[in-house]
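The values are calculated or read from the model by the stated rules, or taken from the named source; none is laboratory data. All values reported here derive from a predicted model rather than from experimental measurement. Methodologically, a virtual Cβ is constructed for each residue, glycine included, from the backbone with ideal geometry; neighbour enumeration extends over all protein chains shown. What goes into the accessible areas is simple: the full protein's heavy atoms, side chains included, and nothing from ligands, DNA or RNA. Shrake-Rupley method; radii C 1.70, N 1.55, O 1.52, S 1.80 Å.
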Amino acid sequence: MSQNGNSPTVIRVAVPVPLRRGFDYRLPAGMDAAQCPPGVRVRVPFGPRKLVGVVLESPARSELPPGRLRPLVEVLDDAPLLDAEMLAFLQWAAGYYHHPVGEAIQHALPALLRKGGAAEGRAETRWYVTPAGAAVDPAVALSRAPRQAALLTELQAAGEAGLDSAHFAQGHATWRTPLARLEDAGLLARRQRLPVQHGQGDAGPTLHAEQRAAVDAVVAAMAGERGGGQFLLDGITGSGKTEVYLHAIQQAVDAGRQALVLVPEIGLTPQLLRRFGHRLAARITALHSGLSDTERLSAWLAAARGEVDVIIGTRSAVFTPLARPGLFIVDEEHDPSLKQQDGFRYHARDLALVRAHRAGVPVVLGSATPSLESLHQVTTGRATRLVLSRRAGEAGLPRFRVLDVRRQPFDGALSPLMHEAVAAHLAAGNQVLLFLNRRGFAPALMCHDCGWIAHCQRCDSHLTLHRGEGRLRCHHCGAERPLVEQCGECDNTELLSVGLGTERIEAQLQAHYPDHEILRVDRDTTRRKGSLDAILERARGGGARILVGTQMLAKGHHFPDVTLVGIVDADQGLYSADFRGPERMAQTILQVAGRAGRAEKPGEVVIQTHQPDNPLLMTLMRDGYAPFAEALMAERREAGWPPFSHLALLRAEAPGREAPLTFLQRARQLAEGLRPAGVDLLGPLPAPMERRAGRYRAQLLVQARERRPLHALLARWLPQLEAAPWAREVRWSIDIDPQDMF
Ligand code: ADP
Ligand code: ZN
Ligand code: ZN
């Protein structure tokens, strides 16, 4: 790293290629090393291509002979984009996840910087509907101007996020003139927008004692000598966790520091952003999916330069550089969407812990249903648990009722008792919410005569019937075809839809309550950008008394009039092959249950199951999450699953059935020779769904009580796999701390 004296000519670059190392280049003649410090982007030759990489260091010499060092093409930045700490953190993360460092760093950069664009933020014009524009029905008011009607419809759906010219240019041949007409008519407005919101700093409710204690603990850690500290904010839905975040964030901001807030994919709602905007006296930026690439870059740069105080985003926001880090918050820390499931398979919660620790600042993980990993951190003394034990404000706790649906007359979806409950709550003028984590009409279509089932050609899976659209769809690979009228085996035309999806529940309820509007919320009804927000607004408005949906309905939304939550099928998680199945089931049930009775009205949660005697389910219903989690923890300890061991999963896939198994068998033999004591290999085994999207998949599990020997093995094993010619027969990947065992 010596930058002075004999000026180094070797530059080691993280290049975005799937190889687990940096690559050496030399500076072109006439350039000096000071112009190429760690953290700047450079364009380098790589084979026949030119790629954008990031300088890692300037080693004294290269392992390559000088004659083979190629010169880099150009330096793209005047100053480092990533400071030394961020660069070190990213290298650590790449090392921990055994992911190629170039790809990991690439992942942390906004798209425009990845492509080599200039590191400059720019305000950008966006169009929004005005209140007048939101109120008109385009089909009626603009029936003679179809182009304007189409544009207005899109803008209405986009809501507060608005739309930019790039969006219009993609979908419309002519858009400038119709937009101008709409603007003249007062239906739209345009704004130059930097993606930074200036919060108002309104006063919130007075904190109750437990909230106060939680805020004090975090603030004390912020001010403490050593700084830092890990907290688990454990509070039921509606107990006021967000208020605790808001107070702690404000204190961090007042002390001149920045706060980074991570939320799950479904949690980043306009409602949440509005609340942060009202309450914080701070400059806030949100990294949501509605941002254009330019806005994303502006937000990223503003964070890096310290021009914003609060950054809110989903998992990838954990890589946002911060000039003055002061506080990290992970809301719904148990949520699976915090883990990236392909490519760079990191867990944003775990990386937030590491970042906070390195920066010496506190980190708060919040949840109503903490992960067993986080509870274990409390048990082992690494984290402090802060408990909010009751609901804030007026709202009471919902009452739970388990419905044994065995041998009950079924109309295909809801048992008579569930129907009674729905009718009672509707009669009282309240809203009801029915939850089922499966979209479509029915998960299978079966011949009544011969038992034939419509299968996906490319997966080991049934096709889901989508009746409204008249399609059969595979939810694993996206394949679809028109609804068949005849059995594929015997030509019988009597085909049965087997099982339940949200569309079917909607249809059944509509038949029962022809006069009620029913809102269905799942990936099928919210496919268009902005439509989820629009539907949720309608749901809160209360016009629709019946809400039916998947987990999209479950998180972070307040429905003050919902008093009944019906869980249509609690059995899915109980049968799961994955050791995390019961944990996820409980988290989902309680998350959905948390939608009931948030205001003055007491709520009721009714759960249908075929296993009313299941001990775990009983513990959950009778005693709540904490005793349930303890019971589960005992099972995990017994079985040696995380958090009592550490896992890595080597996955392989190929077009043929044998290749992945053969690869994993050889990989296993290789590992046997390297394996330190205390590391076990399990498998190879075919994946639970062996064939998916036309490829066969298998896996080998690596398990160890201690992290160190596990990582020591991986560090020696993976480079050998990378180099092995026989490994080219398959596509393989390593997943550290896998969250899904498939
Ligand atoms: P959580 O994040 O745990 O779900 P919130 O912070 O969103 O809980 O609080 C739930 C509701 O209770 C919100 O409407 C919030 O404004 C209100 N609330 C929170 N803390 C208090 C308090 N101390 N006094 C009165 N109302 C509160
Ligand atoms: Zn048949
Ligand atoms: Zn498929």
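Taking interchain pairs and intrachain pairs at least six residues apart, which have beta carbon atoms under 8 angstrom, with the first residue in region 354-372 and basic (Lys, Arg) and the second within 16 Å of ligand 3 (Cβ to nearest atom)?
The qualifying pairs do not exist here.
Can you find, within region 281-299, the residue that is farthest from Asp254 (Cα to Cα) among those that are touching a strand residue (DSSP E or B) at 6+ places or on another chain (Cβ under 6 Å) and part of a loop (DSSP other than H, G, I, E, B)?
Only one residue tops the list, namely Ser292.
For region 679-690, give me the residue count where each residue is over 11 Å from Pro660 (Cβ atoms) and open to solvent by 50 Å² or more (accessible area, probe 1.4 Å).
3
Looking at Glu583, is it within 21 Å of the chain's Cα centre (by Cα) and either within 16 Å of ligand 2 (Cβ to nearest atom) or at negative phi (or both)?
yes
Might you let me know whether region 703-711 holds any residue that is open to solvent by 50 Å² or more (accessible area, probe 1.4 Å), assigned to a strand (DSSP E or B) and at pLDDT 95 or above?
Going through region 703-711, the residues open to solvent by 50 Å² or more (accessible area, probe 1.4 Å) turn out to be 705-708.
Those still in the list that are assigned to a strand (DSSP E or B) too: none.
No; the residues of region 703-711 include none that is open to solvent by 50 Å² or more (accessible area, probe 1.4 Å), assigned to a strand (DSSP E or B) and at pLDDT 95 or above.
All but one of (1) away from ligand 1 (no atom under 16 Å from the Cβ); (2) open to solvent by 40 Å² or more (accessible area, probe 1.4 Å); (3) out of contact with any helix residue (DSSP H, G or I) (no Cβ under 6 Å at 6 or more places or on another chain) hold for Arg584, so report the exception by its number.
With respect to (1) away from ligand 1 (no atom under 16 Å from the Cβ); (2) open to solvent by 40 Å² or more (accessible area, probe 1.4 Å); (3) out of contact with any helix residue (DSSP H, G or I) (no Cβ under 6 Å at 6 or more places or on another chain), Arg584 is out only on (3).
Could you give me the residue pairs with C-beta distances under 9 Å whose first residue belongs to region 475-495 and is free of Cβ contacts under 8 Å to residues at least 60 places away in the same chain and under 23 Å from Arg439 (Cβ atoms), whose second residue is in a loop (DSSP other than H, G, I, E, B) and within 9 Å of ligand 2 (Cβ to nearest atom) wherever it lies, and which are 6+ apart or on separate chains?
Leu495/His448; Leu495/Trp452; Leu495/Gln486; Leu495/Cys487
Looking at (1) under 29 Å from the mean Cα position of the chain (by Cα); (2) not in a loop (DSSP other than H, G, I, E, B), find the lone condition where Ala149 falls short.
Only one criterion in (1) under 29 Å from the mean Cα position of the chain (by Cα); (2) not in a loop (DSSP other than H, G, I, E, B) is unmet by Ala149, namely (1).
Can you tell which of Leu590, Leu547, Leu564 is more than 21 Å from Glu420 (Cα to Cα), touching a residue at least 24 places away in the same chain (Cβ under 8 Å) and not polar (S, T, N, Q)?
The unique qualifying residue is Leu590.
Checking the condition within 16 Å of ligand 1 (Cβ to nearest atom) and either assigned by TED's automatic domain parsing to the domain that holds Leu155 or free of Cβ contacts under 8 Å to residues at least 24 places away in the same chain (or both), which residue from Arg540, Arg527 passes?
Arg540
Could you tell me how many of the residues in region 665-715 are without any contact (Cβ under 8 Å) to a residue 12 or more places away in the chain and either closer than 30 Å to His455 by Cα or more than 31 Å from the chain's Cα centre (by Cα) (or both)?
Looking only at region 665-715, we keep the residues that are without any contact (Cβ under 8 Å) to a residue 12 or more places away in the chain, and these are 669, 672-673, 708.
Now restrict to residues that are either closer than 30 Å to His455 by Cα or more than 31 Å from the chain's Cα centre (by Cα) (or both): 669, 672-673.
So the answer is 3.
Which condition number does Leu436 fail, the rest of (1) out of contact with any helix residue (DSSP H, G or I) (no Cβ under 6 Å at 6 or more places or on another chain); (2) closer than 26 Å to Met418 by Cβ being met?
(1)
Could you list all residues from region 93-104 that are farther than 15 Å from Val15 by Cα and in a loop (DSSP other than H, G, I, E, B)?
The answer is Tyr97, His98.
Among the listed residues Leu574, Leu564, Leu547, identify the single one that is under 24 Å from Leu375 (Cβ atoms) and of a type outside the set (D, E, K, R).
Leu574
I'd like to check something: does region 204-217 contain any residue that is at pLDDT below 95, charged (D, E, K, R) and open to solvent by 60 Å² or more (accessible area, probe 1.4 Å)?
The answer is no; no qualifying residue exists.
Mind listing whichever residues of region 9-49 are in contact with a strand residue (DSSP E or B) (Cβ under 9 Å, 6 or more places away or on another chain), part of a loop (DSSP other than H, G, I, E, B) and modelled with pLDDT under 85?
If the condition is that a residue be in contact with a strand residue (DSSP E or B) (Cβ under 9 Å, 6 or more places away or on another chain), part of a loop (DSSP other than H, G, I, E, B) and modelled with pLDDT under 85, then Thr9, Ala29, Met31 are the ones that fit.
What about Leu90, is it open to solvent by less than 10 Å² (accessible area, probe 1.4 Å) and in a loop (DSSP other than H, G, I, E, B)?
no
Which pairs have Cβ atoms under 9 Å, sit 6 or more apart or on different chains, and link a residue in region 436-462 that is among the β-branched types (Val, Ile, Thr) to one that is away from ligand 2 (no atom under 14 Å from the Cβ) and open to solvent by 50 Å² or more (accessible area, probe 1.4 Å)?
Listed by first residue and then by second, the contacts come to Ile453/His462.
Each row is one residue, and each column tells you yes or no for (1) open to solvent by 70 Å² or more (accessible area, probe 1.4 Å); (2) touching a residue at least 60 places away in the same chain (Cβ under 8 Å).
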{"residue": "Arg26", "(1), (2)": "yes, no"}
{"residue": "Met31", "(1), (2)": "no, no"}
{"residue": "Val42", "(1), (2)": "no, no"}
{"residue": "Val52", "(1), (2)": "no, yes"}
{"residue": "Val55", "(1), (2)": "no, no"}
{"residue": "Ala108", "(1), (2)": "no, yes"}
{"residue": "Leu113", "(1), (2)": "no, yes"}
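Which of the residues spanning region 196-239 are in contact (Cβ under 8 Å) with a residue 40 or more places away in the chain and of a type in the set (Lys, Arg)?
Arg226, the sole residue that qualifies.
What residue, of Leu650, Leu661, Leu632, is open to solvent by less than 50 Å² (accessible area, probe 1.4 Å) and either among the basic types (Lys, Arg) or within 17 Å of Phe579 (Cα to Cα) (or both)?
One residue alone meets the criteria, Leu632.
How about region 471-488: which of its residues are farther than 23 Å from Met689 by Cβ and within 9 Å of ligand 2 (Cβ to nearest atom)?
Correct list: Gln486, Cys487.
Among the residues of region 559-577, write down those that are modelled with pLDDT under 85, assigned to a loop (DSSP other than H, G, I, E, B) and either surrounded by 18 or more Cβ atoms within 10 Å (Cβ to Cβ) or more than 23 Å from the chain's Cα centre (by Cα) (or both).
Selection gives Phe559, Pro560, Ala570, Tyr575.
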